[in-house]
Amino acid sequence: MTKELLAYMTKQVNALVAAPSCCAEAKAVGEEWLAAAGTDKEAEATKKLLAEVEADIMPIDGLIAFVGSEAGAKVFGAEMAKNVLAHAEELKANGAKYCDCPACKACEAILAKKAEL
């Protein structure tokens, strides 16, 4: 991994693990990657990180379906779910493929470099 790519990945993985919307599994895998970066364990940790972020990133249609559901209302509360739904629909109308929460933004940035990893 080049120095530039390592710096980029470190920044994005730090953003992922610091995100309030990051799940426990992604946080653990991200921390594992940070510990392995620059070592002989980096390639294995990168493979694991990519698998985790691919599994965790929320497609915009999935977000819309969830926040528009009864389960979404229970998680966010009725009013917040309504607001998140409106935001997600606006994102989709503007061409977004994924949720724009801090964790999903970091996942998307990591996946943008997948071919280089």
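Quick check on segment 9-26. Is at least one of its residues without any contact (Cβ under 8 Å) to a residue 24 or more places away in the chain and among the charged types (D, E, K, R)? Among the residues of segment 9-26, at least one is without any contact (Cβ under 8 Å) to a residue 24 or more places away in the chain and among the charged types (D, E, K, R), which makes the answer yes.
Select, from Ala65, Ala106, the only residue that is surrounded by 16 or more Cβ atoms within 10 Å (Cβ to Cβ) and touching a helix residue (DSSP H, G or I) at 6+ places or on another chain (Cβ under 9 Å).
On the way: Ala65 fails: surrounded by 16 or more Cβ atoms within 10 Å (Cβ to Cβ).
Result of the check over Ala65, Ala106: Ala106.
For segment 7-28, a tally of residues being open to solvent by 50 Å² or more (accessible area, probe 1.4 Å) and in a helix (DSSP H, G or I) returns 9. Remark: pairs (first residue in segment 34-59, closer than 22 Å to Thr2 by Cα; second residue part of a loop (DSSP other than H, G, I, E, B) and open to solvent by 30 Å² or more (accessible area, probe 1.4 Å); Cβ separation under 7 Å; 6+ apart in sequence or on different chains) = Glu42/Met1; Thr46/Leu117; Leu50/Leu117. Restricting to segment 29-56, count the residues that are in a helix (DSSP H, G or I), among the small types (Gly, Ala, Ser) and under 19 Å from Lys113 (Cα atoms). The number of residues fulfilling the criteria is 6.
Would you confirm, using the coordinates I've provided, whether Glu54 is open to solvent by 50 Å² or more (accessible area, probe 1.4 Å), under 10 Å from the mean Cα position of the chain (by Cα) and not small (Gly, Ala, Ser)?
Values: open to solvent by 50 Å² or more (accessible area, probe 1.4 Å): yes; under 10 Å from the mean Cα position of the chain (by Cα): yes; not small (Gly, Ala, Ser): yes.
Here the answer is yes, as Glu54 does meet what is asked.
The values are calculated or read from the model by the stated rules, or taken from the named source; none is laboratory data. Please read all numbers here as calculations on a predicted model, not as lab measurements. Methodologically, a virtual Cβ is constructed for each residue, glycine included, from the backbone with ideal geometry; neighbour enumeration extends over all protein chains shown. Remember, those area values only see protein heavy atoms, side chains included, never the ligands or the DNA or RNA. Shrake-Rupley method; radii C 1.70, N 1.55, O 1.52, S 1.80 Å.
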